Amino acid sequence: MIWETLDDYETLSNRAARILLEEIRESPRAVLGLPTGRTPAGMYRHVAAECARQYHCFRDVNTFNLDEYAGIPRDHPGSYFTFMKQHLFDHIDVDPAHTHLPDGNAPDLKAECARYELAIKKAGGLALTFLGLGRNGHIAFNEPGTPFDSRTRVVELTESTRHANADDFRGRQVPTHALTMGIGTILESRRIVLLASGIGKRAAIERLEHADIGPSFPASSLWDHDDVTVLVDRRTIA
Ligand code: GLP
């Protein structure tokens, strides 16, 4: 695991954007795993700004988001589909047919999860996946207790995660369930970059650094992978 400490959130976001842009420059048909949340928003801002200056930045890139809420339509203001459009997809030249998110409103959610796994495989597998970090150590929506060989599936969200994400729903009920790539799905990505910024993630980062590897702390699964970069800023480390 390679650890990089950046001065602040902006520098961290810029560094993450450089890693992403370098990947798609080297492999214009790259398959990316993408996160949502407050943390990657800065990375997306930098990527969008850079792509505005270039021609055909994302033309042949495929993206697979890590997760989506269940039971809400794609165009719901709190959906991850909406988040991705607002923060990235509307600002780059990606082909909408190449941007994949699980459909949280599919009639058969189990079948939708199986379809999503297959779509990742058919695209050639994830080359580079970015992750945020939940305060309880969750990655994507893999909450504590998730086995490390889990695949894309429907999960029940913990109260703490629903509370942490309440802002996206502006006073309305946060969905109780979500569709998420499994830890096993994520670990098959050839490279992984984890982003953590701010005091709020300090305890989780400390635990990642020192934790015993096990399902009670999902991010500890990343120790089982041989190409992980962790980007933190100064406020995140004690
Ligand atoms: C959500 C997402 C995770 C993300 C986490 C942290 O639960 N499903 O993928 O890592 O939030 O988000 P934030 O960056 O807003 O702290």
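The values are calculated or read from the model by the stated rules, or taken from the named source; none is laboratory data. Here the structure is a predicted model, which means the values were calculated and not measured. Counting neighbours? That spans all protein chains shown, and the Cβs are built from the backbone with ideal geometry, glycine included. SASA here: full protein model, heavy atoms, side chains in, ligands and nucleic acids out. Shrake-Rupley method; radii C 1.70, N 1.55, O 1.52, S 1.80 Å.
State which helices in the chain qualify, where a helix is a whole DSSP H run, it must extend 15 Å or more along its own axis by its Cα atoms, and its mean Kyte-Doolittle hydropathy must be at least -1.0.
9-26, 38-52, 109-122
Quick one: net charge of GLU209's neighbours, Cβ under 14 Å, K/R +1, D/E -1?
Spelling it out: positives minus negatives among the neighbours equals 0.
Let me have the 222 nm mean residue ellipticity of the chain computed from DSSP H runs of 4+ only, each contributing -39500 (n - 2.57), with the sum over all residues rounded to the nearest 500.
-9500 deg cm²/dmol
List the lysines whose alpha-carbon lies under 26 Å from that of LYS122, not counting same-chain residues fewer than 8 positions away?
Once the sequence-local lysines are set aside, what remains near LYS122 is LYS85, LYS110.
Report the gain in length on full extension from HIS210 to LYS85: 0.36 nm times residue separation, minus Cα-Cα distance, nm rounded to one decimal.
41.4 nm
Sorted from largest down, give the three principal axis spans of the alpha carbons of region 126-238, whole angstrom values.
40, 33, 25
If you find the alpha carbon centre of region 164-238 and of region 13-89, how far apart are they in angstrom?
Computed from Cα coordinates, the inter-centre distance equals 18 Å.
How large, in Å, is region 178-238 by the Kirkwood hydrodynamic radius built from its alpha-carbon pairs?
In region 178-238 this quantity evaluates to 12.4 Å.
Going by accessible area, probe 1.4 Å, with all protein chains left in place, what is the ranking of HIS46, HIS163, largest first?
Descending order: HIS163, HIS46.
In terms of solvent-accessible area of protein heavy atoms at a 1.4 angstrom probe, what is the ranking of ARG45, ARG15, highest value first?
Greatest to least solvent exposure: ARG45, ARG15.
How many percent of the accessible area of the chain is carbon or sulfur, using a 1.4 Å probe?
Reported share for carbon and sulfur atoms: 50 percent.
Beyond 25 Å, what percent of the Cα pairs of region 31-163 remain?
24
So how do TYR9, TYR80 rank on accessible area, 1.4 Å probe, biggest first, that is with the largest at the start?
Largest accessible area first, the list is TYR9, TYR80.
Limiting things to C-alpha atoms, what are the Rg and the maximum Cα-Cα separation (Dmax) for region 70-112, in angstroms?
Values for region 70-112 (Cα only, Rg and Dmax): 11.2, 32 Å.
Quote the accessible area belonging to LYS85 in square angstrom, nearest 10, computed with a 1.4 Å probe and with ligands, DNA and RNA left uncounted.
80
So the label point goes 7 Å from the Cα of ALA106 along Cα→C-beta, right? Which residues of region 172-208 then have their backbone N under 14 Å from it?
Inside the label zone: 178-182.
Can you pull a Stokes-Einstein diffusion coefficient for region 80-138 at 10 °C (1.306 mPa s), Rh from Kirkwood over Cα pairs, as a whole number of µm²/s?
Approximately 117 µm²/s, per Stokes-Einstein.
Restricting things to Cα coordinates, could you compute the convex hull volume per residue of region 1-106 in Å³?
Taking only Cα atoms, region 1-106 has a hull volume of 109 Å³ per residue.
List the Cys residues of the chain that have no partner Cys with a C-beta closer than 4.7 Å.
Result for the chain is CYS113, no neighbouring Cys Cβ within the cutoff.
Mind checking Rg over Rh on the chain, alpha carbons, Kirkwood formula for Rh?
The Rg/Rh ratio comes out at 0.93.
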